[in-house]
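What follows is a short report on a single structure.
What follows draws every value from the coordinates through simple rules; no lab data is involved. Just so it is clear, the model here is predicted, and its values are computed rather than measured. In this analysis, Cβ positions are derived from the backbone assuming ideal geometry, glycine residues included, and neighbour counts consider all displayed protein chains.
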Amino acid sequence: MSEAIGAPVRRQGPPTRGTLRDLSRPGRRAWSLPSLDVPPAAVPEEHARARPPALPEVAERDLVSHFTRLSQLNYGVDTGIYPLGSCTMKYNPKIAESVAALPGFARLHPLQPDHTVQGALEMLWRLERALCEITGMARATLQPPAGACGELTGLLIMGRSHTERGDPRSRVAIPDSSHGTNPASVRLAGYEALHIPTDARGLVDVSALEKLVDERVAGLMLTNPNTLGLFEEEIERVIRIVHDAGGLVYYDGANLNAILGRCRPGDMGFDIVHINTHKTFATPHGGGGPGAGPVGVTEALAPYLPVPVVERDPGTGSFRLDVDRPRSIGRMHGFHGNVGILVRAYAYVFLHGHDGLREVAERAVLNANYLAERIKGVFPLAFPDGRPMHEFVSTAAPLKEATGIRAMDLAKRVIDLGFHPSTVYFPLIVEEALMVEPTETESKDSLDAFADALVQAAGEAHTDPDLLHDAPTSTPVRRLDEAHAARHLKLRWS
Amino acid sequence: MRYAAHTDDDLRAMLEAIGLDSLDDLFAQIPASVRLGRDLDLPAGVSEQEILADLTSLASRNRSTDDLVCFAGAGAYDHYVPAVVWALAGRSEFYTAYTPYQPELSQGVLQALFEYQSMICELTALDVSNASLYDGSTALAEAVSLARSTPERGRVLVSAGVDQRHVETLRTYGRGAGYEPEPFALRDGRGGHPQVGSDVACVIVQHPNVYGNLEPVRDLFGAAHDGGAHAIQVFDPLSLGVLAPPGELGADIAVAEGQPLGNHLSFGGPYLGVIASRLDHVRRLPGRIVGETVDVDGRTGYVLTLQAREQHIRREKATSNICTNQTLMAVAAAIHLAWLGPEGLAELGARCAAKAAYAAERLTEVPEVGLLFPGAPFFKEFALRLPAPAGEVRDALLERGYLAGVPLPDADERSLLVAVTERRTREEIDGLAHELKAVLA
């Protein structure tokens with residue numbers, strides 16, 4: 001096998017020349033403005049800035065080559081497989097970029113009156129209807145700009161409904177395998193987190209849940225398939241336990257990709273659902289954002305949705321932003337959410353349609369199962385009794401025991417072999433975890449190449465462990481000293 | 001499926017490898033009682049051309065700021081976005097990457113964020129910036145959370161000059177955190193007297209404020225500090241070429257709606273929340289922070305740092321729940337700021353101020369039209385008093401091609417907030433004055 005079988009990230013062109021500040025020379029400039037056609041007017045002296053900020057002074061040509069080079073130091077989905085578990089890094093269709101850039105969407109002011117933005121409101125309304133159909137919910141808000149904000153939105157809705165019933169509660173249950181945003185959101189919503197253990201099968205420990213859930217529990221937050229990639233087969237019983245105690249059940253949509261068109265959170269009994277459009281509906285993640293985190297709810301909870309929501313007048317067929325919702329939890333975002341991202345989600349949903357979305361889930365689950373099968377001889381599944389869905393969690397613990405090589409070393413060697421590695425060390429309950437989510441858009445060839453790289457690296461752990469200890473060596477920088485970064489804080493040009 | 005690359009042979013080979021007969025078998029563990037058992041009630045998939053036609057048709061039913069002359073502001077502004085910004089931020093190596101969990105493969109976005117943080121610090125004259133929050137309103141909610149660090153100081157005083165959408169967002173976040181923002185009144189459209197007792201966590205001032213007026217920020221923050229509270233400023237990033245920066249005005253924490261920094265209006269998002277603070281808050285600052293470090297060979301590189309603040313490490317003890325942020329918007333902001341440089345930023349601010357002053361003069365020449373707060377200093381935005389309901393006037397001007405501003409929610413609904421960016425020409429301003437006169441006649 002050749003050394004690099006994927007698509008390595010390597011520096012191109014001349015070596016980088018440090019930061020923009022290093023490129024800066026007094027008097028260079030990129031900016032231009034039309035000549036001033038009105039009389040000048042200064043701001044009052046007491047409010048004036050003495051010196052403009054020390055921004056870099058660069059020519060546009062230098063600016064372009066600087067950021068072009070930076071982009072070349074970065075690996076994206078467009079570069080190759082990006083199998084981060086729980087992140088659903090699938091291919092982002094280019095047509096979605098084109099439609100989001102249409103001036104009729106990209107150049108709308110958020111406070112234009114409704115009658116001048118009927119097309120945008122209709123787009124949002126249709127997307128809300130589609131997301132409700134996909135998740136089995138009655139109404140949805142498109143306002144939360146990311147999944148974590150969706151979580152907080154859902155928990156505040158949960159709290160409001162209990163308060164209105166005169167039954168305020170203090171705790172929210174979350175599985176010990178959950179994403180860190182769940183407990184953080186629970187606390188921000190004013191609750192205490194109640195941790196539910198995972199059983200030997202990798203599922204919610206139902207008997208423990210039964211013992212822990214009482215009248216103090218406002219609800220349970222759950223992904224399904226769960227963070228281990230396994231479907232919670234006793235989901236109806238789990239939900240019944242919480243409902244019987246007067247709680248509500250929240251669906252964290254991180255793993256919705258696995259079940260599109262096959263089953264719906266609403267039909268399982270969930271009361272509140274968030275969707276990560278940057279995962280399931282392929283809106284690009286931007287190197288860390290933006291995303292969008294719409295939240296769907298049952299009919300009973302719809303009055304609590306954040307303002308504004310888009311309403312359609314059944315008589316005239318016209319659309320409006322409704323802010324007059326007295327039982328609403330309020331506003332979660334300054335305007336209407338990440339509309340430019342929602343346009344992309346709309347494009348993705350309606351391009352695929354009911355048939356395409358169902359195939360998305362089928363291929364995503366097939367790809368994960370195939371890849372798990374390809375590597376399980378070396379990296380066994382952490383919970384081998386269940387069939388993985390769209391992602392799986394394997395463990396590098398046996399390899400570590402045999403060779404001392406850790407999951408981190410393995411990930412870094414995979415980089416040298418030309419791939420973005422999987423998530424490592426998450427979920428926290430699995431030792432030396434490798435959490436792998438190839439997504440549906442990888443071909444069999446791509447999966448085979450990635451599996452070959454993992455197996456090759458495992459072999460090298462026995463024969464040439466320094467290849468792994470020293471990795472990566474092909475990247476613009478090698479392993480970085482994170483402890484140094486935290487001890488000697490340098491968070492800006494000095 | 002449109003974007004999957006499986007051939008029929010691939011499907012057969014893969015199913016065989018995992019020992020299954022059909023794709024349906026992959027879903028056998030889903031209990032029959034919760035299976036959908038029908039197609040989703042959505043149209044069948046369509047071609048790329050059809051989705052383009054559908055969305056083009058929807059877009060054509062909107063009147064964009066390309067065909068209306070835009071004087072609307074109130075937190076989102078029609079500034080010019082240089083071509084270079086999205087030519088670079090739109091490179092797919094940036095926009096198709098995930099959060100930089102593998103720094104060796106993510107030096108591009110990490111360095112871009114480090115440069116963004118550096119420029120935000122220069123801009124605000126504060127010590128540290130994070131790598132972005134969602135938007136201006138949620139950034140303010142995070143700033144309040146940062147300021148409420150001691151249990152005995154929980155109250156949040158908010159100037160009545162802070163944008164109502166920010167205050168509404170605070171109220172929502174406050175439901176979970178256990179506070180209710182308490183407004184203090186303005187006098188003649190600015191200032192006011194916050195009563196800063198020993199139970200007050202922070203005093204929030206927006207400058208320029210919701211009416212566009214410049215605030216006596218030093219006095220207000222002096223009162224905050226005298227009472228032992230933190231001073232939080234909501235600022236306009238493109239004002240800071242000409243207006244004194246938050247750090248010099250006494251702000252401990254400064255937040256902004258970052259949209260004017262290279263981001264299109266996009267009907268309200270995606271924008272970015274800017275937050276910067278003094279160094280002593282750094283270990284409680286929310287969200288991602290990029291730090292410079294070295295690799296094993298001593299080369300300079302960048303990593304996400306101080307992660308012990310964050311939800312994926314600290315879980316319920318994290319300082320915020322934020323995970324996904326607005327990184328790409330921050331990259332765009334960095335490119336825009338570098339394109340402007342110190343001189344361009346100052347010149348841009350001066351243009352806005354000059355054009356707003358000219359517009360205020362021309363518009364108040366229209367009979368019965370005046371300033372809501374005559375004599376109050378302003379930067380690029382001001383409030384007009386009209387002799388008729390502002391919503392009606394705005395709608396009449398739309399018919400004439402002008403998005404004249406944003407009606408203010410005051411008691412008699414006769415005030416209009418008018419924003420004038422560097423994009424507005426003298427001809428357009430004169431045109432608005434002419435049409436306003438015609439509409440009111």
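Would you mind classifying segment A:400-442 by shape? Square roots of the alpha carbon gyration tensor eigenvalues, ordered a ≥ b ≥ c; an a/c under 1.5 is rounded, otherwise it is prolate if a/b is larger than b/c and oblate if not.
oblate
Could you tally the net charge around A:P326, taking each other residue with its Cβ under 13 Å from the Cβ of A:P326, Lys/Arg +1 and Asp/Glu -1?
Every neighbour counted, the sum reads 0.
Within the set of other residues whose C-beta is less than 15 Å from the C-beta of A:F379, count the net charge using Lys and Arg as +1 and Asp and Glu as -1.
Once all neighbours under 15 Å are counted, the net charge is -4.
Taking a ≥ b ≥ c as the square roots of the Cα gyration tensor eigenvalues, with a/c under 1.5 meaning rounded and otherwise prolate when a/b beats b/c, else oblate, which class fits chain A?
oblate
Whole-Å semi-axes of segment B:299-396's equivalent ellipsoid, largest first, each the root of 5 times a Cα gyration tensor eigenvalue?
The equivalent ellipsoid of segment B:299-396 has semi-axes of 44, 22, 12 Å.
In a solvent-free Debye calculation with one equal scatterer on each Cα, what is log10 I(q)/I(0) for the protein assembly as shown at q = 0.06, 0.08, 0.09 Å⁻¹, listed in the order of the q values?
Calculated log10 I(q)/I(0) at the listed q: -0.39, -0.71, -0.91.
Tell me, B:V200, A:V99, A:V339, B:V296 in order of fewest to most beta-carbon neighbours within 10 Å?
Arranged by neighbour count, lowest to highest, B:V200, A:V99, A:V339, B:V296 become B:V296, B:V200, A:V99, A:V339.
Name the shape class, rounded, prolate or oblate, that the alpha-carbon gyration tensor gives for segment B:190-291, where a ≥ b ≥ c are the square roots of its eigenvalues, rounded holds for a/c under 1.5, and otherwise prolate holds if a/b is larger than b/c and oblate otherwise.
Judged from the Cα gyration tensor, segment B:190-291 comes out oblate (a/c at least 1.5, b/c at or above a/b).
Can you list the residues, at least 5 places off or on another chain, whose amide H is less than 5 Å from the amide H of B:L371, using H built in the peptide plane?
B:R385
What whole number of Å gives the distance from the Cα centroid of segment A:433-494 to the Cα centroid of segment A:253-276?
First find each Cα centre; the distance between them is then 32 Å.
Compute the angle between helix B:136-147 and the longest alpha-carbon principal axis of chain B, please, reported from 0 to 90 degrees and rounded to the nearest 10.
With both axes taken from Cα atoms, the answer is about 90 degrees.
May I ask you to give the average projected area over all directions of the convex hull of the Cα atoms of chain B, in nm² rounded to one decimal?
Averaged projected hull area, Cα only: 28.0 nm².
Given an 8 Å cut-off on Cα distances and at least 6 residues of separation, report the relative contact order of chain B as a percent.
Relative contact order of chain B: 19 percent.
Can you work out ³J(HN,Hα) from phi for every residue in segment B:422-438, in order, using Karplus 6.51 cos²θ - 1.76 cosθ + 1.60 and θ = phi - 60°, giving whole Hz and x for Gly and Pro?
In residue order, the calculated couplings are 5, 6, 6, 8, 4, 4, 5, 5, 4, x, 5, 4, 4, 6, 4, 4, 5 Hz.
May I ask you to evaluate 6.51 cos²θ - 1.76 cosθ + 1.60, the Karplus curve with θ = phi - 60°, for each residue of segment A:154-170 and list the ³J(HN,Hα) values in order in whole Hz, giving x for glycine and proline?
Residue by residue, segment A:154-170 yields x, 5, 5, 4, 4, x, 5, 5, 5, 4, 5, 7, x, 9, x, 10, 10 Hz.
Quick one: work out the % antiparallel among DSSP beta bridges in segment B:83-335, nearest 5.
That works out to approximately 45 percent antiparallel.
Sort A:398-410, A:171-183, A:200-212 by the packing proxy (mean of other Cβ within 10 Å over each peptide's residues), most packed first.
In descending order of packing, they fall as A:171-183, A:398-410, A:200-212.
Scaled to the compact-protein estimate 2.2 N^0.38 Å, what is the alpha-carbon radius of gyration of segment A:95-351, rounded to two decimal places?
Dividing the Cα radius of gyration by 2.2 N^0.38 Å gives 1.00.
Check cross-link reach from A:K94 to the aspartates and glutamates: straight Cα distance under 20 Å, and skip same-chain residues fewer than eight apart.
Filter leaves A:D78, A:E359, A:E440, A:E442, B:E48, B:E50, B:D54, B:E93.
Treating the angle as unsigned and between 0 and 90°, give the value, to the nearest 10°, between the Cα long axis of helix B:164-177 and the longest Cα principal axis of chain B.
Its long axis makes an angle of about 50 degrees.
Among the listed pairs A:K412/A:K444; A:K490/B:K380; A:K90/A:K490; A:K211/A:K279, give every one whose C-alpha distance is greater than 32 Å.
A:K490/B:K380; A:K90/A:K490; A:K211/A:K279
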